[in-house]
Amino acid sequence: MAKSAAKPVSSPGFDPWLSSQRLFPPYEWTEVFGRRAPVEIDLGAGDGVYIEARARREPERDFVAVERLLGRATKIAKKAVRGGLSNLRVLRLESAYFLRNLCAPGSLDVITLRYPDPWPKRRHHGNRILTREFAVDALRACRRGGRLQLTTDDRDYFEWACREVAACPDWKGDEAWNGAEEPTSEFEEKFKQEGRAVYRKAWGNLN
Ligand SMILES: C[S@@+](CC[C@H](N)C(=O)[O-])C[C@H]1O[C@@H](n2cnc3c(N)ncnc32)[C@H](O)[C@@H]1O
């Protein structure tokens, strides 16, 4: 007898997925850094050129670099050790997971995204980091008056990201921020040499 085609899976009456949200409690930044200071996170930090410069320049603030590639995360850790930067930590993890599950409500002062992967093809837009869900998570994790800041060379992504954040009305465009005080990063240098435009925007948490 010929085998029948695979049957569609019917509801088994239970959820086979275990929630990864139960793995770890959120970080207590005062325990991590051993003091109470403003905390900034840099998501997709690359080799850490930007975050190292910030940590060096502003010892009164604490910085967390999140990067999913081991080689890049390791370079950041080396920069922290060589520079004696006790206000800089690195985490090798996926940024959106980190923000949603490991950052307590109101625990962050600034969330930075510099040159996030633009995923230009429409069918890849689902991979983009700055979605409206991300904007909601960022709002929850940011203290009142805190900031979300984006820098990108990709105009389409920039406009798309602005629309995604606008769907979360408690983020208000921070017109005073133009990124002029920001140190550079490795991708910024590369794109500058290629003569590409730069798009920057920040939003403040009015919640
Ligand atoms: C274009 S590079 C920009 C690096 C750095 N911010 C800069 O300005 O030079 C994007 C970085 O984000 C990292 N990345 C991409 N998606 C990520 C994610 N979902 N979670 C953590 N890191 C991610 C990549 O591995 C890469 O290092």
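Values quoted throughout were computed directly from the atomic coordinates according to the rules given, and no laboratory measurement underlies them. A quick note: this is a predicted structure, and the numbers were derived from the prediction, not measured. Positions of Cβ are generated from backbone atoms using ideal geometry, with glycine treated the same way; all protein chains shown enter the neighbour counts.
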Inter-probe distance in nm under a simple model that places probes 7 Å from Cα toward Cβ, at residue 15 and residue 172: 3.6 nm
Eigenvalues of the Cα gyration tensor times 5, then square-rooted: what semi-axes does that give for the range 34-205, in whole angstrom, largest first? 23, 20, 16
Rounded to the nearest 0.05, what FRET efficiency is calculated for residue 207 and residue 30 with R0 set to 22 Å and r the Cβ-Cβ distance? 0.50
What ³J(HN,Hα) values, in whole Hz, does the Karplus curve 6.51 cos²θ - 1.76 cosθ + 1.60 give for the range 68-73 when θ = phi - 60°, with x put for Gly and Pro? 8, 8, 4, x, 5, 4
Stretched fully, the stretch from residue 81 through residue 56 gains (0.36 nm per residue minus C-alpha distance, one decimal, in nm) 7.8 nm
For Cα pairs less than 8 Å apart in space and 6+ apart in sequence, what is the mean separation divided by the residue count of the chain, i.e. the relative contact order in percent? 19 percent
If amide H atoms are built 1.01 Å from N in the plane of the peptide, which residues on other chains or at least 5 residues away come under 5 Å of the amide H of residue 207? 145
Gaussian network model of the chain, Cα springs within a sub-10 Å range: biggest mean-square fluctuation belongs to which of 197, 45, 77? 197
Compute the separation of the alpha-carbon centres of the range 167-207 and the range 71-99 and state it in Å as a whole number. 21 Å
If you count, for each residue, the other Cβ atoms within 10 Å and average over each peptide, how do 60-67, 130-137 line up from highest to lowest? 60-67, 130-137
